[in-house]
1. Of all residues in region 52-72, count the ones that are open to solvent by 60 Å² or more (accessible area, probe 1.4 Å) and more than 14 Å from the chain's Cα centre (by Cα).
2. Have a look at R50, R38, R56, R23 and point out the one that is of a type in the set (K, R) and in contact with an Asp or Glu (Cβ under 7 Å, 6 or more places away or on another chain).
3. Of all residues in region 56-72, which are of a type outside the set (A, V, I, L, M, F, W, C), in a helix (DSSP H, G or I) and under 16 Å from C122 (Cα atoms)?
4. Given the options T22, T44, name the one that is polar (S, T, N, Q) and either out of contact with any helix residue (DSSP H, G or I) (no Cβ under 8 Å at 6 or more places or on another chain) or closer than 17 Å to A3 by Cα (or both).
5. Do we find a residue being of a type in the set (D, E, K, R), in contact (Cβ under 8 Å) with a residue 12 or more places away in the chain and more than 14 Å from I32 (Cα to Cα) anywhere in region 70-89?
6. Regarding A36, is this residue under 21 Å from P103 (Cα atoms), open to solvent by 20 Å² or more (accessible area, probe 1.4 Å) and modelled with pLDDT of 85 or more?
7. May I ask you to say which residue of R19, R49 is surrounded by 14 or more Cβ atoms within 10 Å (Cβ to Cβ), at pLDDT below 90 and not in a helix (DSSP H, G or I)?
8. Mind counting the residues in region 73-122 that are outside any helix (DSSP H, G or I) and open to solvent by 40 Å² or more (accessible area, probe 1.4 Å)?
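The values are calculated or read from the model by the stated rules, or taken from the named source; none is laboratory data. Not measured: the values here are computed from a predicted model. Here Cβ is always computed from backbone atoms with ideal geometry, including for glycine, and neighbour counts include all displayed protein chains. Just so you know, the surface numbers come from the protein's heavy atoms only, side chains and all, with ligands and any DNA or RNA stripped out. Shrake-Rupley method; radii C 1.70, N 1.55, O 1.52, S 1.80 Å.
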Amino acid sequence: MKAFGSALRALERRTPLDRDPTRALHDAIEAIGKIAERAAGEGTFGDLRRRQLVKRGAHVLSTIIQRGVESGAFRPSCARWAVQRLPYAIVAGVCARWVFGLPEKRSLGPGAAADAALEALCPPVLASR
């Protein structure tokens, strides 16, 4: 399926360096969800494609998160974990619906995944006492 490879390449190209990291992260997670949904709908979301999407999608998210941490837009309690591990958790969570055949209402959608990721990356600032 050429469309799958094209969709992954488009995902990798779509995040310019000067873009707002919050918007870029949200858009990239939405794109990952659409790629997974399309592949599942076409019956082509087997092990190899899932591994490709997880690897390449996590790399894109990691780059966005790293830029956000460096710019100060993201302030996770553990920057290293946020850059290296959170992207894999996000992609796995978004893809779980199609991997396990979960109903939509009982699965983590891309929007909810983006919101949860941003909550971890931008914790509220506690007022000093």
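1. So the first thing to find is which residues in region 52-72 are open to solvent by 60 Å² or more (accessible area, probe 1.4 Å), and the list is 52, 55-56, 59, 66, 70-71.
The next check asks that each one be more than 14 Å from the chain's Cα centre (by Cα); those that pass are 70-71.
Counting residues in region 52-72 that are open to solvent by 60 Å² or more (accessible area, probe 1.4 Å) and more than 14 Å from the chain's Cα centre (by Cα) gives 2.
2. Result: R56 is the single residue among R50, R38, R56, R23 that is of a type in the set (K, R) and in contact with an Asp or Glu (Cβ under 7 Å, 6 or more places away or on another chain).
3. S62, Q66, R67, G68, E70, S71
4. Working: T22 fails: either out of contact with any helix residue (DSSP H, G or I) (no Cβ under 8 Å at 6 or more places or on another chain) or closer than 17 Å to A3 by Cα (or both).
The conditions single out T44.
5. The first filter runs over region 70-89 and keeps only residues of a type in the set (D, E, K, R), leaving 70, 75, 80, 85.
Then drop every residue that is not in contact (Cβ under 8 Å) with a residue 12 or more places away in the chain, which leaves 75.
Going one step further and asking which of them are more than 14 Å from I32 (Cα to Cα), we end up with 75.
Looking through region 70-89, at least one residue is of a type in the set (D, E, K, R), in contact (Cβ under 8 Å) with a residue 12 or more places away in the chain and more than 14 Å from I32 (Cα to Cα).
6. Details: under 21 Å from P103 (Cα atoms): yes; open to solvent by 20 Å² or more (accessible area, probe 1.4 Å): no; modelled with pLDDT of 85 or more: yes.
Criteria not met by A36.
7. Numbers: R49 fails: not in a helix (DSSP H, G or I).
The match here is R19.
8. Going residue by residue through region 73-122, those that are outside any helix (DSSP H, G or I) are 73-78, 85, 101-103, 107-109, 122.
Filter again for open to solvent by 40 Å² or more (accessible area, probe 1.4 Å), leaving 75, 77-78, 85, 101-103, 108, 122.
Of the residues in that region, 9 qualify.
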